[in-house]
Ligand code: HSE
């Protein structure tokens with residue numbers, strides 16, 4: 001018998017309890033041990049809830065109970081989650097978490113602390129909700145030389161972009177619908193400005209590089225400037241527009257970025273719609289492998305937390321190691337990153353655009369008039385920025401995958 005505690009009885013924490021209620025037999029079968037939730041930590045009480053008798057308000061009760069071997073931290077945010085996790089690891093309890101903010105900010109340090117105390121620190125649910133991408137990277141494809149990861153990592157923005165595309169609606173009205181349906185937060189900034197995808201990209205980039213990629217080093221743009229006209233152009237090019245989190249090794253440099261991209265329809269990422277997430281990992285031997293599924297939601301995210309608990313129970317007495325050192329990675333400036341850009345400008349900017357962007361390809365679209373739109377040839381971000389600044393009448397641009 002293994003006793004565990006759940007910190008935070010919100011969406012994910014209550015989902016973890018539900019998963020144990022629903023799938024107890026499968027869980028026991030998969031790890032050869034019975035697992036019981038002994039405590040649930042929350043500020044609130046839950047009268048009438050099936051697990052109300054497990055609720056405690058003082059973390060020390062859990063910390064000082066030697067019977068508790070695993071802690072599921074599903075509170076979110078940096079504090080007090082960081083302090084609780086550190087104390088748990090230092091007292092010989094393994095920790096698994098869905099807390100992307102904390103893993104992005106302190107993951108490598110917590111993995112190191114777990115190793116020092118011969119326990120484990122797992123965080124499958126912090127990226128892609130229920131999608132088993134991190135365990136796969138750490139286990140099934142750990143031998144690969146991964147050279148790129150490209151993912152749709154935020155369900156809210158993918159829902160908004162999908163609706164804008166399918167219904168020809170503008171950003172503000174779709175955001176409002178998303179909020180009404182509960183797909184977007186009342187304060188949607190973390191999602192629509194790309195900060196959430198940035199945290200998840202930082203975690204993936206750290207696992208890929210084996211070093212601590214700081215989220216502050218990742219250039220991040222959100223989707224607030226994408227318009228209905230951009231989708232009209234994209235359709236004429238047989239492309240979708242998606243918010244991508246990406247990292248890659250190229251010419252000896254490590255790049256990471258979060259931004260909206262135009263993606264050709266024949267790229268599988270273009271077909272990922274609504275609140276779903278997908279992550280394409282490219283390995284030198286394997287080629288592309290794509291992970292797809294629900295990137296958010298109570299049951300899916302809780303399923304990933306429970307998978308971590310099972311892994312920990314199966315490895316009792318051992319530290320599950322990650323290819324991840326607590327050493328800061330060097331992320332190259334985006335200035336040196338090379339790609340094509342889709343640009344929209346006033347019609348009057350045509351001649352100047354042709355002069356500045358040698359080899360551009362014109363793009364036309366029946367529903368947008370009075371503009372000159374084009375795709376640049378491959379160019380560094382730095383060169384592009386300089387030329388774009390010089391282009392009087394330039395309106396907007398989107399990167400091309
Ligand atoms: N707000 C996040 C999303 C939740 O939309 O993907 C899951 O991390």
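This table checks each residue for (1) in contact (Cβ under 8 Å) with a residue 60 or more places away in the chain; (2) more than 20 Å from the chain's Cα centre (by Cα).
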position: 265; (1), (2): no, yes
position: 271; (1), (2): no, no
position: 295; (1), (2): yes, no
position: 303; (1), (2): yes, no
position: 318; (1), (2): yes, yes
position: 333; (1), (2): no, yes
position: 347; (1), (2): no, yes
position: 360; (1), (2): no, yes
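For residue 193, the conditions (1) within 25 Å of residue 335 (Cβ to Cβ); (2) modelled with pLDDT under 95; (3) within 16 Å of the ligand (Cβ to nearest atom) are fulfilled apart from (2). So, in the stretch 26-59, exactly how many residues are surrounded by fewer than 18 Cβ atoms within 10 Å (Cβ to Cβ) and out of contact with any helix residue (DSSP H, G or I) (no Cβ under 9 Å at 6 or more places or on another chain)? Total satisfying the criteria: 11. Is there a residue being away from the ligand (no atom under 16 Å from the Cβ) and touching a helix residue (DSSP H, G or I) at 6+ places or on another chain (Cβ under 9 Å) anywhere in the stretch 267-277? No, the conditions are met nowhere in the stretch 267-277. Scanning the stretch 278-290 for residues that are surrounded by fewer than 20 Cβ atoms within 10 Å (Cβ to Cβ) and within 16 Å of the ligand (Cβ to nearest atom) returns no hits. Please go through the stretch 138-165 and give me each residue that is more than 16 Å from the ligand (Cβ to nearest atom) and either free of Cβ contacts under 8 Å to residues at least 40 places away in the same chain or in a loop (DSSP other than H, G, I, E, B) (or both), ordered by number. Answer for the stretch 138-165, where residues must be more than 16 Å from the ligand (Cβ to nearest atom) and either free of Cβ contacts under 8 Å to residues at least 40 places away in the same chain or in a loop (DSSP other than H, G, I, E, B) (or both): 139, 140, 141, 142, 143, 144, 145. Within the option set 88, 81, being buried (at least 24 other Cβ atoms within 10 Å of the Cβ), more than 13 Å from the ligand (Cβ to nearest atom) and more than 26 Å from residue 293 (Cα to Cα) holds for one residue only, 88.
If we keep just the residues of the stretch 367-396 that are under 32 Å from the mean Cα position of the chain (by Cα) and assigned to a loop (DSSP other than H, G, I, E, B), which is surrounded by the most Cβ atoms within 10 Å (Cβ to Cβ)? Of everything passing the filter in the stretch 367-396, 376 is surrounded by the most Cβ atoms within 10 Å (Cβ to Cβ).
Just one of (1) farther than 24 Å from residue 296 by Cβ; (2) assigned to a loop (DSSP other than H, G, I, E, B) fails for residue 53. It is (2).
Go through the stretch 342-366 and give me each residue that's under 24 Å from residue 259 (Cα atoms) and in a loop (DSSP other than H, G, I, E, B). Residues satisfying the conditions are 357, 360, 364, 365.
The values are calculated or read from the model by the stated rules, or taken from the named source; none is laboratory data. It should be emphasised that the depicted structure is a prediction, and the values quoted were computed from it without experimental measurement. Every residue, glycine as well, gets a Cβ built from its backbone with ideal geometry; the counts of neighbours run over all protein chains shown.
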